[in-house]
Amino acid sequence: MFNLAAKPFDYLIVGAGFAGAVLAERLAAGSGKRVLLVDRRPHIGGNAYDYYNDAGILVHRYGPHIFHTNAERIWKYLSRFTTWRPYEHRVLANINSKLLPIPINLTTINTLYKLNLSSEGMQVFLAQRAEEPETIRTAKDVVLAAVGRDLYEKFFEGYTRKQWGVDPSKLDKSVTARIPTRTNTDDRYFGDTYQAMPKCGYTRLFENMLDHPNIKVMVNTDYREIVKSFRHDRLIYTGPVDEFFDYRFGRLPYRSLSFRHVTLDRPQFQPTAVVNYPSTDVPYTRITEYKYLTGQTHDQTSISYETPCDEGDPYYPVPNPENAVLYKKYETLAAKTPGVWFAGRLATYRYYNMDQVVAQSLALYSQLSELDGSLAQDERTKQSIVA
């Protein structure tokens, strides 16, 4: 039983997603620190939270989360808390009622244009259609330079506009630069060395990660309501950075998502886990069928319709030059705030993948460990002088 009154906490961590959970685990298990981890949602796991619905099907409440990384150390670290189910993610795009592989590959081109190109022929095909700007600055520039206008309009323009709420020409190039174009038939969405799903789900992974006597978890808790009730030495914050500072410089734009979860009385709905809908004729961006991700066998199937929106929980920072300037003000303020550290996608206003958040959190843990070592050495020096 965790004794709240025994002594102050070393750390109060706000947010029980990947950033907060990794830091809580490392500080408790790696450094023997007492950690209070709070989240205002009714569960741990952040946006990676999954659960069994009324039909007994494991679904992701906040849309599909596919783990992939090239970093062996991240893979080995998370493998302490889960066994893995091998899984390579594949996505199809609904283009004029045809389901075509995305990222664009050789099969995409040959099927769409009724061609029989080789890899070399596809390179020539794309080169003839590419529109190379003088400087590649925006998400639109990246795609036009890679595949030309027709493929940009069919696969990217509508989807990106729905996803981010602005035209691709208003977004940083990083948004579409992360999507490759392949001249072979590789139809995997990711090319990373390690691709898998937690065998028992993400929530179980988080439960294992936080199962430590030095960690106290409080959900359904706004940290502002308890911050003065529990003594702590340091604060780690993983929520929206502008909210932490009471929107001093104005609100940072974040994109939210709305999900409609449906269970169908049939074993399968679509031919792959995710089908994208780039057309602006439909409001949602994609449909996910979760049994592909989990490997679960069931007579029914559960799907979700994902629709981006402006209102609701923040999911993605919106990367463009204006927002970068505004965030810089908050970043400067955060750096000057004593006893508080910021981590995670929302607190550092970065469009990170899960493995990148884990890497950032492990790096912060190393910094905090070095700081603790310096403080301990200073204390030993003081004691030596007094003696």
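Go through region 232-266 and give me each residue that's within 22 Å of Gly20 (Cα to Cα) and surrounded by fewer than 12 Cβ atoms within 10 Å (Cβ to Cβ).
Of everything in region 232-266, just one residue is within 22 Å of Gly20 (Cα to Cα) and surrounded by fewer than 12 Cβ atoms within 10 Å (Cβ to Cβ), namely Asp246.
Yes/no matrix, rows are residues, columns are (1) in contact with a Phe, Trp or Tyr (Cβ under 7 Å, 6 or more places away or on another chain); (2) free of Cβ contacts under 8 Å to residues at least 12 places away in the same chain; (3) surrounded by fewer than 23 Cβ atoms within 10 Å (Cβ to Cβ); (4) of a type in the set (Gly, Ala, Ser):
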residue	(1), (2), (3), (4)
Ala21	yes, no, no, yes
Arg34	yes, no, yes, no
Pro42	no, no, yes, no
Ala55	no, no, yes, yes
Val59	yes, no, no, no
Gly63	yes, no, yes, yes
Phe67	no, no, no, no
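Output the residue which, of all residues in region 221-230 that are of a type outside the set (A, V, I, L, M) and under 22 Å from Glu25 (Cβ atoms), is surrounded by the most Cβ atoms within 10 Å (Cβ to Cβ). Explain how you work it out, then say what you get.
As a first pass, look at region 221-230 and keep what is of a type outside the set (A, V, I, L, M): 221-225, 228-230.
Cutting the leftovers down to under 22 Å from Glu25 (Cβ atoms) gives us 221, 223, 230.
Working: Thr221: 18, Tyr223: 21, Phe230: 16.
So the residue we want is Tyr223.
Do we find that Ser256 is part of a loop (DSSP other than H, G, I, E, B), among the polar types (S, T, N, Q) and either closer than 30 Å to Gly56 by Cβ or touching a helix residue (DSSP H, G or I) at 6+ places or on another chain (Cβ under 8 Å) (or both) in this structure?
So Ser256 does not fit the description; no.
Any residue at all in region 48-58 that is in a helix (DSSP H, G or I) and either at pLDDT 95 or above or aromatic (Phe, Trp, Tyr) (or both)?
Within region 48-58 (the criterion being in a helix (DSSP H, G or I) and either at pLDDT 95 or above or aromatic (Phe, Trp, Tyr) (or both)), the answer is yes, since at least one residue qualifies.
Can you pull out every residue in region 317-328 that is surrounded by fewer than 19 Cβ atoms within 10 Å (Cβ to Cβ) and in contact with a Lys or Arg (Cβ under 7 Å, 6 or more places away or on another chain)?
The one that is surrounded by fewer than 19 Cβ atoms within 10 Å (Cβ to Cβ) and in contact with a Lys or Arg (Cβ under 7 Å, 6 or more places away or on another chain): Asn320.
Please state which one of Asp150, Asp167 is within 24 Å of the chain's Cα centre (by Cα) and of a type outside the set (Gly, Ala, Ser).
Asp167
State yes or no: is Ile287 outside any loop (DSSP other than H, G, I, E, B), farther than 30 Å from Pro8 by Cα, without any contact (Cβ under 8 Å) to a residue 40 or more places away in the chain and under 22 Å from the mean Cα position of the chain (by Cα)?
The answer is yes for Ile287.
For region 339-363, name all the residues that are surrounded by fewer than 19 Cβ atoms within 10 Å (Cβ to Cβ) and within 15 Å of Ile13 (Cα to Cα).
Gly339, Val340, Leu362
Please identify the pairs in which a residue from region 322-340 that is in contact (Cβ under 8 Å) with a residue 40 or more places away in the chain has its Cβ atom under 7 Å from the Cβ atom of a residue that is part of a helix (DSSP H, G or I), counting only partners at least 6 apart or on another chain.
Tyr330/Val241; Tyr330/Asp242; Ala334/Val241
What pairs come out if I take residues in region 168-196 that are farther than 20 Å from Thr108 by Cβ and modelled with pLDDT of 90 or more and pair them with residues that are of a type in the set (Phe, Trp, Tyr) and in a loop (DSSP other than H, G, I, E, B) whose C-beta lies under 6 Å away, six or more apart or interchain?
Ala196/Tyr87
Run down Lys216, Lys199 and say which single residue is crowded, with 17+ Cβ neighbours inside 10 Å, out of contact with any helix residue (DSSP H, G or I) (no Cβ under 8 Å at 6 or more places or on another chain) and in contact (Cβ under 8 Å) with a residue 40 or more places away in the chain.
Details: Lys199 fails: crowded, with 17+ Cβ neighbours inside 10 Å.
Only one candidate passes the filter, namely Lys216.
Can you confirm whether Pro133 is assigned to a loop (DSSP other than H, G, I, E, B) and either hydrophobic (A, V, I, L, M, F, W, C) or under 25 Å from Lys291 (Cα atoms) (or both)?
no
To keep it simple, each residue is scored yes or no on (1) farther than 19 Å from Arg161 by Cβ; (2) surrounded by 20 or more Cβ atoms within 10 Å (Cβ to Cβ).
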site: Gln268; (1), (2): yes, no
site: Thr272; (1), (2): yes, no
site: Pro283; (1), (2): no, no
site: Glu306; (1), (2): no, yes
site: Asp313; (1), (2): yes, no
site: Tyr330; (1), (2): yes, yes
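The values are calculated or read from the model by the stated rules, or taken from the named source; none is laboratory data. Remember, it's a predicted structure, so these values are computed and weren't measured experimentally. Don't worry about glycine lacking a Cβ; one is built from the backbone with ideal geometry, like all the others, and counts go over all protein chains shown.
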